[in-house]
Amino acid sequence: MKNIHLYVLSLIIGLSLWGCSPKHSDIVVAEYGKSKITMNEFEKAYLKNSSATGKQGTDTIKQYENFLDLYVKYKMKLADAQKRGYDTNQALQNELVDYKKKVGVSFLLERNLVTPNIKRLWEMRKKEFRVSHLMIRPDSTGDEAAHQKALALLDSIKHGKTFEQMVSLYTQDTYSKNIGGDIYYITAGMLVPEFEEAVYKTKVGDIYPEPIKTRWGYHIIKVTEERERVPAVRASHILVDFTNENGEVDSVAAKKIIDTVAQKLKAGGDFAELAKQYSKDQASKENGGDLNFFERRMMIKEFDEAAFNLKVGEISPIIKTSYGYHIIKLTDKKPYPTVEEDKENLKQLYRQVRYNADYDTMVAALKSTYQYSLNLANVDALTKLSDSTKMTPDVFAATWYPEVKDLTLFTMTNDVVKVDDFFNYAQNQADLNNKLITKTFMLDAVKKYSSEHVLELSALTLESKNEEFADLMKDYKNGIFIFKLQDDEIWGKIAMDSAKLVQYYDVNKEKYRWNDRVEFAEIFVKSDSLMKAVQGELKSGTPFDTLVVKYTERPGFRDRGGKYPLADVNSSQLCLEANRLNNPGDVSAPVSNSGGYSLLQLIKKEPARVKTFEEAKAEVSGAYQEEESKRLENEYNDALQKEYKPVLHYDVLPQAFKQ
């Protein structure tokens, strides 16, 4: 009984102690002023550091300690920024709003358009469809007449006429007219979205129930096949073209040769060796006929269809194309890539084919949400007064401008945009500059401006809706606060007057030295025979500088007399050679370099020495600024230490990333 009591008592004590222990995320790792940094905050901040690897448990306790030191200093500075009222500083707030608009719009478009739609595009591209169509152009009849004709043809097909028959009689796509309207295999990202969407909604053998309008006209669409898409195949081929050795067309002789090749392959002949022996494709025959990887529709249709229907290792029958007769061997197939593997290609396809339509749809929805309303009466009033004025900065000085600048151009929820707002915007848009201010111009330009404006309004609400964006904005706000603190406390306090720089130079002048230097002139020629001619004239008494102008072939050096400025003797091979000369005016033997020959004349040598203040001024200024920055940074950190009295609990850091 006594043992049971002891067990219960020890259990109660253990549970009490366990209940009093803070959970991992609440462990306090540091304190400053009245604030605390918890383990949860420390771990999150540590992992944001690009070099952090804490989750993998490979970082040392010393790395945690060093990071905590820096993080506490950072947090004290943010507390100081709060104390100084940076949160209410109008200039800083304006910068934050501008950043929120720019980054928020990019964030919205990436998250709401690009990311989900490239994922959808990736899913769609797993399939490919063979498609036929009947197309009616609105060229001469007009759009509505073309639409009605397409409807009538579709109705005829529904009532018994064959699709292929109607294509042969009525389609205006001359390319596919004689092959039943067949436009071969397609997948998402190849054609305009409205056509592709109809294809993906149609079963094999069916016709889409209504004509689809694209920029080319109206289409009646039939899907003839659906299959799993192979992104690319690798194939080799043996080509026998229709021309004989005399350059004459002889398809009969070509057929005999390709039949011979086919028989040898059936008898076990090596494909690569037969390609080297018989193929007329000079680009591939020496590689055994290898064509590397190619995608659908990259090859001529008959070749493409044969290759994509083979299994790896399989050899095709004889295929006839406009190039001649082919035998194809499939050697590999690319597997379907992951989204990440294909991401850049998907982005490019999406932006080329689908992005603009999706962007317009998204903007239209936002405009509806924000109750967008365009004031057409004011657009008319503006364009009547502008009378052939162009969109240039001169427009603000036009006599009519004061009459219109305060007119409302459009409104959105709690937001009024005036003509003056629009004109200030337009001045910064290259595609709007120098255009006549007509009604058509205004409607197109206002569409662009209002679309960007509604996205910015939506971006301003993102912080309250998206935690990731809120964190991004918090980091940026903290960043500009720290920058302003650094400017106020450090950079803005560095006095760069000449007296202080001279004083710094006098104390540290031995750090700023020239090594031995040499100055010389050069005659450079590309042939040894010309160099001998130069040497001959030099011996005859022709001045070196005259020979430079006459002969040197180094670009840009004739105008400067072949001269190289004072330079460290070790900075180049030419400097070393010139430094071997003893007296000004001495000329070297020919020196081989840079695809030619150089003759060098010494101008002067200068031994190593301390730089003058003027020579060292740029280096002195940089070093002085760096030293002053460190001193002021230390002073500021000391002041923060005194005010906030930080306490860092290094002893709990071994627990970091343990849960």
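The values are calculated or read from the model by the stated rules, or taken from the named source; none is laboratory data. For clarity, every value in this text was computed on a predicted model and none was experimentally measured. Counting neighbours? That spans all protein chains shown, and the Cβs are built from the backbone with ideal geometry, glycine included. In case anyone asks, the SASA skips ligands and DNA or RNA and just uses the protein heavy atoms, side chains included. Shrake-Rupley method; radii C 1.70, N 1.55, O 1.52, S 1.80 Å.
A few notes on this one:
- Taking every residue in segment 414-426 that is in contact (Cβ under 8 Å) with a residue 40 or more places away in the chain and under 17 Å from Ser458 (Cβ atoms) and pairing it with any residue that is among the hydrophobic types (A, V, I, L, M, F, W, C) and outside any strand (DSSP E or B), at least 6 positions away or on another chain, the pairs with Cβ-Cβ distances below 8 Å are Asp415/Leu457.
- Scan of segment 457-472 for residues that are open to solvent by less than 60 Å² (accessible area, probe 1.4 Å) and either in a helix (DSSP H, G or I) or in contact (Cβ under 8 Å) with a residue 60 or more places away in the chain (or both), ordered by number: Leu457, Ser458, Ala459, Leu462, Asn466, Phe469, Ala470
Results for (1) under 44 Å from the mean Cα position of the chain (by Cα); (2) modelled with pLDDT of 95 or more; (3) not β-branched (Val, Ile, Thr), shown as yes or no for each residue.
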| residue | (1), (2), (3) |
| --- | --- |
| Asn583 | no, yes, yes |
| Val587 | no, yes, no |
| Gly595 | yes, no, yes |
| Leu599 | no, yes, yes |
| Thr612 | no, yes, no |
| Ala616 | yes, yes, yes |
| Glu619 | yes, yes, yes |
| Asp638 | yes, yes, yes |
| Glu643 | no, yes, yes |
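- Segment 385-400, subset touching a helix residue (DSSP H, G or I) at 6+ places or on another chain (Cβ under 9 Å) and part of a helix (DSSP H, G or I), residue farthest from Phe441 (Cα to Cα): Phe396
- Members of segment 179-199 that are within 12 Å of Ser132 (Cβ to Cβ) and either open to solvent by 40 Å² or more (accessible area, probe 1.4 Å) or not aliphatic (A, V, I, L, M) (or both): Ile179, Gly180, Gly181, Asp182, Tyr184, Tyr185
- Of all the residues in segment 318-356, those that are within 21 Å of Phe293 (Cβ to Cβ) and assigned to a loop (DSSP other than H, G, I, E, B) number 10.
Conditions (1) aliphatic (A, V, I, L, M); (2) in contact with a His (Cβ under 7 Å, 6 or more places away or on another chain); (3) open to solvent by less than 20 Å² (accessible area, probe 1.4 Å); (4) under 21 Å from Ile157 (Cα atoms), marked per residue:
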{"position": "Lys201", "(1), (2), (3), (4)": "no, no, no, yes"}
{"position": "Gly205", "(1), (2), (3), (4)": "no, no, no, yes"}
{"position": "Pro209", "(1), (2), (3), (4)": "no, no, no, yes"}
{"position": "Val223", "(1), (2), (3), (4)": "yes, no, yes, yes"}
{"position": "Arg234", "(1), (2), (3), (4)": "no, no, no, no"}
{"position": "Asn244", "(1), (2), (3), (4)": "no, no, no, no"}
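- Matching residues, segment 411-444, being assigned to a strand (DSSP E or B) and farther than 17 Å from Tyr372 by Cβ: Leu436
- Candidates Asp506, Asp528, Asp516, Asp559 - the one that is closer than 11 Å to Ser598 by Cα and either surrounded by 13 or more Cβ atoms within 10 Å (Cβ to Cβ) or within 52 Å of the chain's Cα centre (by Cα) (or both): Asp528
- Considering residues of segment 305-327 that are hydroxyl-bearing (Ser, Thr, Tyr) and in contact with a helix residue (DSSP H, G or I) (Cβ under 7 Å, 6 or more places away or on another chain) only, the residue surrounded by the most Cβ atoms within 10 Å (Cβ to Cβ): Tyr325
- Within segment 273-288, being open to solvent by 80 Å² or more (accessible area, probe 1.4 Å) and out of contact with any Asp or Glu (no Cβ under 7 Å at 6 or more places or on another chain) holds for Glu273, Gln277, Gln282, Ala283, Glu286, Asn287.
- Matching entry among Asp332, Asp387 (being free of Cβ contacts under 8 Å to residues at least 60 places away in the same chain and farther than 30 Å from Glu110 by Cβ): Asp387
- Hits in segment 62-104 (condition: over 28 Å from Tyr636 (Cβ atoms), in contact with a Leu (Cβ under 9 Å, 6 or more places away or on another chain) and open to solvent by 30 Å² or more (accessible area, probe 1.4 Å)): Val97, Lys100, Lys101, Val103
- Residue match in segment 401-410 (condition: open to solvent by 30 Å² or more (accessible area, probe 1.4 Å), part of a helix (DSSP H, G or I), modelled with pLDDT of 90 or more and of a type outside the set (Lys, Arg)): yes
- In segment 91-134, the residues that are more than 25 Å from Leu349 (Cα to Cα), touching a residue at least 40 places away in the same chain (Cβ under 8 Å) and of a type in the set (A, V, I, L, M, F, W, C): Leu92, Leu96, Val97, Leu134
- The one condition in (1) closer than 30 Å to Lys285 by Cβ; (2) touching a helix residue (DSSP H, G or I) at 6+ places or on another chain (Cβ under 9 Å); (3) open to solvent by 60 Å² or more (accessible area, probe 1.4 Å) that Glu248 fails to fulfil: (2)
- For segment 616-657, the tally of residues that are assigned to a helix (DSSP H, G or I), small (Gly, Ala, Ser) and touching a residue at least 24 places away in the same chain (Cβ under 8 Å) stands at 4.
- Residues that are acidic (Asp, Glu) and touching a residue at least 60 places away in the same chain (Cβ under 8 Å), drawn from segment 437-456: Glu452, Glu456
- Pro138 meets all of the listed conditions (1) modelled with pLDDT under 95; (2) crowded, with 16+ Cβ neighbours inside 10 Å; (3) under 28 Å from the mean Cα position of the chain (by Cα) but one, namely (3).
- Scanning segment 328-364 for residues that are exposed (fewer than 12 other Cβ atoms within 10 Å of the Cβ) and either of a type in the set (Ser, Thr, Tyr) or more than 18 Å from Ala188 (Cα to Cα) (or both) yields Thr338, Thr361.
- Among the residues of segment 289-298, none is identified as within 13 Å of Leu239 (Cβ to Cβ) and either open to solvent by 90 Å² or more (accessible area, probe 1.4 Å) or at pLDDT below 95 (or both).
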